[in-house]
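As structure tokens, the structure follows; a few thoughts come after it.
The values are calculated or read from the model by the stated rules, or taken from the named source; none is laboratory data. Everything quoted here is computed from the prediction, not taken from an experiment. Reconstructed Cβ throughout: ideal geometry from the backbone, glycine too, with neighbour counts over all protein chains shown. For the accessible areas, the whole protein counts, side chains as well, though only heavy atoms, and no ligand, DNA or RNA atoms are used. Shrake-Rupley method; radii C 1.70, N 1.55, O 1.52, S 1.80 Å.
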Amino acid sequence: MEREAAAAKGCLACAFPFWDKLTEAQQEYLCRFARPVHYDKGAHVHSPTENCVGILLLRSGQLRAYILSEDGRDVTLYRLFKGEVCILSASCVLDAVTFDVHIDAEEPVDALCIGAGAFKRVMDENVYVRCYAYQMTAESYSETMWAMQQVLFMSADRRLAIFLVDELAKTGGPDLHLTHDQMARYMGSAREVVSRMLKYFAQEGLVRLWRGGLTVLDKPRLQRLAAGEASGRNKRR
């Protein structure tokens, strides 16, 4: 038990920039209410109609945050990976969050969860925790606005280029192991649109497609397209 508590304390100290601004009692309190959780791939982690999960610190796996329309369509807001903190899973304690967010596990997830009530108590006591919480909320809101801007105002080819460039930054290599369905879901687009644009990118020599993924062949040109420097014939939806 002591070893687990020490491990939890180490994870929290690395994840939270406000850790050294907490009193010893507050540190111990958060550690006491931090527990390991696991979600299988496809599991529903958080929704507006369910109990507030709490703050999640990802140790492995991937989470996807999205909004859902009345007819069941969803738009991905952002994804979270190992070492990142999910703040909107504790949206019940954040007055600034006024939109409904769903969070799913895209891969098997292991995380450290701090109960929403425990986090709120320390947030109310400590101004540094409160500032951190609202900074993270503001960043999530910014990600949401960026996602909506792409869906509403950008052409399909530029959106796909932006997505591919962002994914390359995460993987560090030219290969992306993503299906057309996954890319469409992450982009908030239709699979048919993504498949058509990928075929076009392949014809233009930007990518090479293979079953279950693709290889980027011309990253500089893809970056120019993502920046909006495409030629007229590329600006089709």
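Element breakdown for the stretch 1-134 at a 1.4 angstrom probe: carbon and sulfur atoms account for 50% of the accessible area.
Stokes-Einstein diffusion of the chain at 25 °C, 0.890 mPa s viscosity, Kirkwood radius from Cα pairs, rounded to a whole number: 126 µm²/s. With a cut-off of 12 Å between beta carbons, the residues surrounding LEU217 carry a summed charge of 0, where Lys and Arg count +1 and Asp and Glu -1. A 1.4 Å probe run over the chain, with the rest of the protein chains in place, finds 53 Å² accessible per residue.
Rounded to the nearest Hz, the phi-derived 3J(HN,Hα) couplings of the stretch 61-70 under the Karplus curve 6.51 cos²θ - 1.76 cosθ + 1.60 (θ = phi - 60°) are x, 8, 10, 10, 9, 8, 10, 10, 7, 5, where x marks glycine and proline. Summing Lys and Arg as +1 and Asp and Glu as -1 over all other residues whose Cβ lies under 13 Å from the Cβ of SER47 gives a net charge of -3. Compute the long axis of helix 2-15 from its Cα atoms, compare it with the longest principal axis of the Cα atoms of the chain, and write down the angle in degrees, 0 to 90, nearest 10. With both axes taken from Cα atoms, the answer is about 50 degrees. This model, with +1 at the C-beta of Lys and Arg and -1 at the C-beta of Asp and Glu, gives the chain a dipole about its Cα centre of some 1000 debye.
Ranked by accessible surface with a 1.4 Å probe, highest first, in what order do HIS46, HIS38 come?
Accessible-area ranking of HIS46, HIS38, largest first: HIS38, HIS46.
Give the angle, between 0 and 90 degrees and rounded to the nearest 10, that separates the Cα long axis of helix 127-153 from the longest principal axis of the Cα atoms of the chain. Helix 127-153 sits at roughly 20 degrees to that axis. Over the residues of the chain, the helix contribution to mean residue ellipticity at 222 nm works out to -14000 deg cm²/dmol, using -39500 (n - 2.57) for each DSSP H run of at least 4.
The distance separating the Cα centre of the stretch 213-230 from that of the stretch 104-178 comes to 23 Å. Can you list the lysines whose alpha carbon sits under 21 Å from that of LYS21, skipping same-chain ones fewer than 8 residues off? Straight-line reach from LYS21, under 21 Å: LYS9, LYS120.
Taking Lys and Arg as +1 and Asp and Glu as -1, the other residues whose beta-carbon sits under 12 Å from that of TYR132 total +1.
At the residue level, CYS131 shows approximately 80 square angstrom of accessible surface with a 1.4 angstrom probe and all protein chains present. Projecting the Cα atoms of GLY115, SER189, VAL85 onto the charge dipole of the chain (Cβ charges, centred on the Cα centre) puts SER189 farthest toward the positive pole. A straight line joining the Cα centroids of the stretch 188-203 and the stretch 38-81 runs 25 Å.
Looking at the calculated P(r) for the stretch 108-237, what percent of the C-alpha pair distances fall above 27 Å? The calculated P(r) of the stretch 108-237 puts 34 percent of pairs beyond 27 Å. Close amide H contacts of LEU217 (hydrogens built in the peptide plane, cut-off under 5 Å, sequence separation of 5 or more or a different chain): VAL207, ARG208.
Listed by chain and number, the aspartates and glutamates whose C-alpha is less than 15 Å from the C-alpha of LYS219, apart from same-chain residues fewer than 8 away, are ASP157, ASP166, GLU167, ASP175, GLU204, GLU229.
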